[in-house]
Every structure is written in C-alpha cells, then in structure tokens.
1. Looking at (1) farther than 18 Å from Ile141 by Cα; (2) within 17 Å of the chain's Cα centre (by Cα); (3) of a type outside the set (Gly, Ala, Ser), which is the one condition that is false for Glu38?
2. What number goes with the only condition from (1) in contact with a strand residue (DSSP E or B) (Cβ under 9 Å, 6 or more places away or on another chain); (2) of a type outside the set (Asp, Glu); (3) in a loop (DSSP other than H, G, I, E, B); (4) open to solvent by less than 50 Å² (accessible area, probe 1.4 Å) that Ile212 does not pass?
3. Whether any residue in the range 114-123 is closer than 30 Å to Arg256 by Cβ and open to solvent by 40 Å² or more (accessible area, probe 1.4 Å) is what I want to check.
4. Working only within the range 18-36, note down all residues that are open to solvent by less than 10 Å² (accessible area, probe 1.4 Å) and either more than 16 Å from the ligand (Cβ to nearest atom) or farther than 23 Å from Leu168 by Cβ (or both).
5. Which residues, taken from the range 28-54, are in a helix (DSSP H, G or I) and in contact with a strand residue (DSSP E or B) (Cβ under 7 Å, 6 or more places away or on another chain)?
6. Which residue is nearest to Asp144 (Cα to Cα), if the candidates are limited to the range 79-93 and must be touching a residue at least 40 places away in the same chain (Cβ under 8 Å) and of a type outside the set (A, V, I, L, M)?
Amino acid sequence: MKVGFVQFEPLFGEVERNIERAEKLIEGTNADLLVLPELFNTGYVFASMDEVRALSEKIPDGVTTRALLRMAKNNDVYLVAGLAERSGDRFFNSAVIVSPQGYLGTYRKIHLFFEEKRWFDPGDTPFPVYSLGDHKFGVMICFDWIFPESMRVMSLQGAHVICHCANLVLPFCQDAMKTRCLENHVFAVTSNRTGTESRNEKSLRFTGKSQITDPAAEVLYRAESETEEVGVVDIDFNRAADKQLNEYNNLFQDRRPDFYSMILHHHQE
Ligand code: ACM
C-alpha cells in the first residue's frame, strides 16, 4: 500500500491558488492514500473572525471538498486534507476524507492549539477510523499528537496508519511520532506545511519535515524543512496488525485499563 504526504506552502487566503498547487503536486503520484497539511486551502494565521467566516466552507458542498473529490477520482487515491469548515454559525478546523468513489467523512480537530481557540469551536466528533481495502486508517490534526489518547483510541479501533494533517511550528512532533507509533505499533503519515505567515504583526514559521513513521519507531521518510515535496512509501500494513512483542507481551492485551480510570475524569482544577 503506497501512502504519503503532500508538503507545500499554502499562501494565506488564496484558496484557488492553493488548491491548484496541491492538485499539481498530486498529479501522477501513483499513491493509494495521500495526506495534505492542516488548513491547506486557506493558510493558518487568521487575523479576524470575518476572515474565518469568509474562508470557511461547507463540507462536502464547498469548493475545496469538490476539488478534493475530483483529485481523488482522477488520481485513483484516497485523500485526507485539512480545511476550515463552516457548519451553520459554527467553525471548525477540520479534515475531510475522500476516496475515488466519493465523500467519506469529516474529522473536526479536538485539541485546538493557541489562537485557534479564538477562531474555531473544538471538535465535537470522535476520532475516526475508515477502511481502505482490508486495512484501516485514522485521522488527527496537528496538536492532537501531544495527547497520547488521540492515537491510542484510533489504534484500539484497529487503525493501521494514522493520517496526521499538520501546521507545525514547534520542533518536537517529528521525534515524538516515533514514540506514538512504537507505543501503538502503527504507522503514521505526518503532512506538514512550509513557509512563514506574517499577518497583523504576528509571524509563524512552519517547520516542514513531513514524516512517515513505522511501528518500530523508524523514520521511513522525512522531508526537508523548506521544500515542496511529495513523499510516498510502499508499506505493509500487516506489520501494524500484530501487537505481539514477544512470547510474553502483547501491546494491547497487556494494558491494565483498571489502573487508568483516572484519565476518564481527571481535569486539573
Ligand atoms: C498546531 O496544532 N497547528 C500546532
């Protein structure tokens, strides 16, 4: 199964241009599943609620989801891509999931980062798991990585690979993903963006280095920090199906949830 990321530099507010850029990069890649960055069509550094309202789209009726459906069909590929979603008078930092056959669903970012809390509602949908042939993939967005529960709940639902749309600005995630993959024995595809956005005296530099990580904590592919790059790796999903570590230890069966009940209700006051 060929899975990969599309790393590039979206320009803020230039939805049509960003869709075109992504479409050009995807053309002829010959992958089964591709992950695009978080907010790939709009850019990241919003400066007002008016901008959020103007750039967010309905799913699946908006122009971006329609373009993704076309790209998935034309290239015979599953796509997971981040975009700003409008639902009634609410806005979400979402990822849309499409297959060559059509629209599959939407994931709304559960753990919002920094000023995203000014613009978006926190996700109200569970972490999703979708089938791809005999295998399964989950979806999360950027900062979700820092909460181990995100990948755990999708792995426990049988996901073999986690599709991770990102706009990373801190340097920790790529190395942390090795541990996330190791502790769940799954693959992950982190699709990050590049470039700097300076708007209203705020400036963020995005760190690139999109990464495909395997269940043994090996980095199968890491992109450069500033290049536009499509990285595709042929992976054997069956490696993520077996959670047996040795004749005594099984990563999932050895868990002791009775001793973890605190995480169900613990909130720091
Ligand atoms: C992030 O969640 N965009 C860091």
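The values are calculated or read from the model by the stated rules, or taken from the named source; none is laboratory data. Nothing here was measured: the structure is a model prediction, and the numbers come from that model. Please note: Cβ atoms are built from the backbone with ideal geometry, for glycine as well, and neighbour counts cover all protein chains shown. Side chains included, ligands, DNA and RNA excluded: accessible areas come from the protein's heavy atoms. Shrake-Rupley method; radii C 1.70, N 1.55, O 1.52, S 1.80 Å.
1. Unmet condition: (1).
2. (3)
3. Looking through the range 114-123, at least one residue is closer than 30 Å to Arg256 by Cβ and open to solvent by 40 Å² or more (accessible area, probe 1.4 Å).
4. Asn18, Ala22, Ile26, Ala31, Leu33, Leu34 - these are the residues of the range 18-36 that are open to solvent by less than 10 Å² (accessible area, probe 1.4 Å) and either more than 16 Å from the ligand (Cβ to nearest atom) or farther than 23 Å from Leu168 by Cβ (or both).
5. Taking the range 28-54 as the starting set, the residues that turn out to be in a helix (DSSP H, G or I) are 49-54.
Val52 - this is the single residue of the range 28-54 that is in a helix (DSSP H, G or I) and in contact with a strand residue (DSSP E or B) (Cβ under 7 Å, 6 or more places away or on another chain).
6. Ranking the qualifying residues of the range 79-93, first place goes to Asn93.
Here's the yes/no breakdown for (1) open to solvent by 40 Å² or more (accessible area, probe 1.4 Å); (2) over 29 Å from Arg152 (Cα atoms):
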{"site": "Glu38", "(1), (2)": "no, no"}
{"site": "Tyr44", "(1), (2)": "no, no"}
{"site": "Asp50", "(1), (2)": "yes, yes"}
{"site": "Glu57", "(1), (2)": "no, yes"}
{"site": "Thr64", "(1), (2)": "no, yes"}
{"site": "Leu104", "(1), (2)": "yes, no"}
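Residue-wise test of (1) under 15 Å from Arg180 (Cα atoms); (2) more than 11 Å from the ligand (Cβ to nearest atom); (3) more than 13 Å from the chain's Cα centre (by Cα).
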site: Arg108; (1), (2), (3): no, yes, no
site: Arg118; (1), (2), (3): no, yes, yes
site: Gly133; (1), (2), (3): no, yes, yes
site: Gly138; (1), (2), (3): yes, yes, no
site: Val153; (1), (2), (3): yes, yes, yes
site: His160; (1), (2), (3): yes, yes, yes
